[in-house]
1. Filter the stretch 186-206 for residues that are under 18 Å from the mean Cα position of the chain (by Cα) and open to solvent by 100 Å² or more (accessible area, probe 1.4 Å) and give the result.
2. Please go through the stretch 22-55 and pick out each residue that is free of Cβ contacts under 8 Å to residues at least 40 places away in the same chain and outside any helix (DSSP H, G or I).
3. Tell me which residues, restricted to the stretch 125-169, are part of a helix (DSSP H, G or I), out of contact with any helix residue (DSSP H, G or I) (no Cβ under 8 Å at 6 or more places or on another chain), open to solvent by less than 40 Å² (accessible area, probe 1.4 Å) and free of Cβ contacts under 8 Å to residues at least 60 places away in the same chain.
4. Could you grab me the full set of residues in the stretch 39-82 that are among the acidic types (Asp, Glu) and either touching a helix residue (DSSP H, G or I) at 6+ places or on another chain (Cβ under 7 Å) or buried (at least 16 other Cβ atoms within 10 Å of the Cβ) (or both)?
5. So, in the stretch 210-239, exactly how many residues are open to solvent by 10 Å² or more (accessible area, probe 1.4 Å) and either at pLDDT below 95 or within 11 Å of the ligand (Cβ to nearest atom) (or both)?
6. Which of (1) free of Cβ contacts under 8 Å to residues at least 60 places away in the same chain; (2) touching a Ser or Thr at 6+ places or on another chain (Cβ under 9 Å); (3) of a type in the set (A, V, I, L, M, F, W, C) does Ala173 not meet, given it meets every other one?
7. For the stretch 196-209: of the residues being farther than 19 Å from Ala163 by Cα and in a helix (DSSP H, G or I), which is nearest to the ligand (Cβ to nearest atom)?
8. Would the stretch 145-155 turn up any residue that is farther than 17 Å from Pro55 by Cβ, in contact with a Leu (Cβ under 9 Å, 6 or more places away or on another chain) and more than 15 Å from the ligand (Cβ to nearest atom)?
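The values are calculated or read from the model by the stated rules, or taken from the named source; none is laboratory data. Bear in mind that the values here come from a model prediction, so they are computed numbers and not experimental data. Don't worry about glycine lacking a Cβ; one is built from the backbone with ideal geometry, like all the others, and counts go over all protein chains shown. Areas reflect the complete protein model, heavy atoms only, side chains present, ligands, DNA and RNA absent. Shrake-Rupley method; radii C 1.70, N 1.55, O 1.52, S 1.80 Å.
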Amino acid sequence: MLELIRRLRRGPPLDPQLWRAARDANPWTRALDPEREQQLHALVERFLHVKTITPLAGLELDDAQRVQLAALCCLPLLRFGAEGLRGWSQLLVYPDAFRVNRSHVDAAGVLHQWDDELIGEAWEAGPVILSWADVEADLAEPDAGFCVAVHEMAHKLDALDGALDGTPPLPRAWQREWAADFQQAFEALARDVDRRRRTAIDGYAAEAPEEFFAVCSEYHFSDPALLRRAMPKVAAHLERFYGPSPLARDAASTRVRKA
Ligand SMILES: [Zn+2]
């Protein structure tokens, strides 16, 4: 009975060959220690059980690619756990960047309409949408500071407490500390962007506190050394929240670089 309950929670077991292929093709999962790999494996089984992955616009996805998408989406949940999958059911995947219509009525009552080209999107209480071409680009260049799946999952974690504000659900004392440290770093970045100064991390992070959290999350996985140099307090919070970045060099080499 206990085994049945465990199965229902995790989903049916994943074909071990598929898992090994996905793990080996993914620089982040390849770098995990056995314990964290096992945790990710359980999250991926759960993900594939509770989420529907729908390719759009002529894209076709085989089982290995579906496992790969699940693995990338579950990477930010290694410490937070399967609770981070709550509140949505659809992963939509476009072959490439996709266009969305935007509209906004300004304070004067004038309707503005425009098209945005996106590589990923997370609706507050709806699907996660990804561009497959950009997922592949992230896997091909894992240390370039980008990971669109991590970015969108950060938005999903952020939204879990009902407010998309750059703060995921945390114990109260930590949340206060997080909010203060993130706000300070966000405001400093926004000032630099306003003054057209070169910024260490992508200026898109200055758009809003929730984008700051999502972009910094990408750096945590994709260029943790840069994040630690640019924003040590933010980097420390993210390391505590996500667990150490699979791409983090050991402490000794960091010390050498600092000297
Ligand atoms: Zn975003």
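1. Tyr204
2. Asp33, Thr52, Thr54
3. Ala133
4. The first filter runs over the stretch 39-82 and keeps only residues among the acidic types (Asp, Glu), leaving 45, 60, 62-63.
Glu45, Asp63, listed by residue number.
5. 3
6. (2)
7. Within the stretch 196-209, the first condition is being farther than 19 Å from Ala163 by Cα, and the residues that meet it are 196-204.
Those still in the list that are in a helix (DSSP H, G or I) too: 203-204.
Details: Gly203: 13, Tyr204: 8 Å.
Among them, the one singled out is Tyr204.
8. We begin by selecting, within the stretch 145-155, every residue farther than 17 Å from Pro55 by Cβ; these are 145-147, 150-151, 153-155.
Imposing the further condition that a residue be in contact with a Leu (Cβ under 9 Å, 6 or more places away or on another chain) reduces the set to 145, 147, 150, 153, 155.
Of the ones still in play, those that are also more than 15 Å from the ligand (Cβ to nearest atom) are none.
There is no residue in the stretch 145-155 that is farther than 17 Å from Pro55 by Cβ, in contact with a Leu (Cβ under 9 Å, 6 or more places away or on another chain) and more than 15 Å from the ligand (Cβ to nearest atom).
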